[in-house]
Ligand SMILES: [Zn+2]
């Protein structure tokens, strides 16, 4: 449409970006507008689903899991995508549903159990993905304590998904002690830079 178009009248014509009040485009402004749009939709029936101890990509990931918007095989199949199998790529014991992938798969259960042991919570018995991702699986007296535990659970779910994709796309997956190690390192890194003055060990 703009091919051959010439700006005229002594350069009084110029390009303007109507999304910003001063008409100038910057990547920073674009990112901020996109984030506002994305986070305006990150809510569920209990209200806004946010955890400020984690990067935004993990918040978006947790929201997608709760909203069942993850491309596990059963969800792809429901949307008419032709797959050679809908069974779990890790264990092959069952159909790969969201619940199977994130909780009931043997390898996922082992990772949750290790995370629960690490936090001294005993056996992993809560089998509701929604309760897990809302941080309702342990009793905390402070709001911050609950948010940190929720952050750990989101990081755990994130690494379960990463582990699954490593297997699907690269043919290898972690054993649960290695997965726990990754979860510990990454959650420490993410939470400690956002916890500001609090010293975490
Ligand atoms: Zn499985």
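Any read-out appearing in this document is the output of simple, stated calculations on the displayed coordinates, not a laboratory observation. Keep in mind that what you see is a predicted model, and the values were worked out from it rather than measured. Here the Cβ positions follow ideal geometry from the backbone for every residue, glycine too, while neighbour counts run over all protein chains shown.
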Select from 59, 144, 182 the residue whose mean-square fluctuation is largest in a Gaussian network model of the chain (Cα-Cα springs shorter than 10 Å). 144
With viscosity set to 0.890 mPa s and temperature to 25 °C, compute the Stokes-Einstein D of the stretch 142-192, Rh being the Kirkwood radius across alpha carbon pairs; µm²/s, no decimals. 211
Arrange the following residues from fewest to most other Cβ atoms within 10 Å of their Cβ: 193, 115. 193, 115
Pick from 131, 35, 99: which is most flexible by mean-square fluctuation in a GNM of the chain where alpha carbon atoms under 10 Å apart are linked? 35
Quick one: order 137, 26 by neighbouring beta-carbon count within 10 Å, fewest to most. 26, 137
When 124, 188 are ordered from fewest to most other Cβ atoms inside 10 Å of their Cβ, what list results? 188, 124
Here the FRET efficiency for residue 14 versus residue 38, based on Cβ atoms and R0 = 25 Å and rounded to 0.05, is 0.25
Give me D for the stretch 53-99 in µm² s⁻¹, whole number, from Stokes-Einstein with Rh from the Kirkwood sum over alpha-carbon pairs, 37 °C and 0.692 mPa s. 279
Pop out the Kirkwood hydrodynamic radius of the stretch 1-146 from its pairwise C-alpha distances, inverse of mean 1/r, in Å to one decimal. 19.6
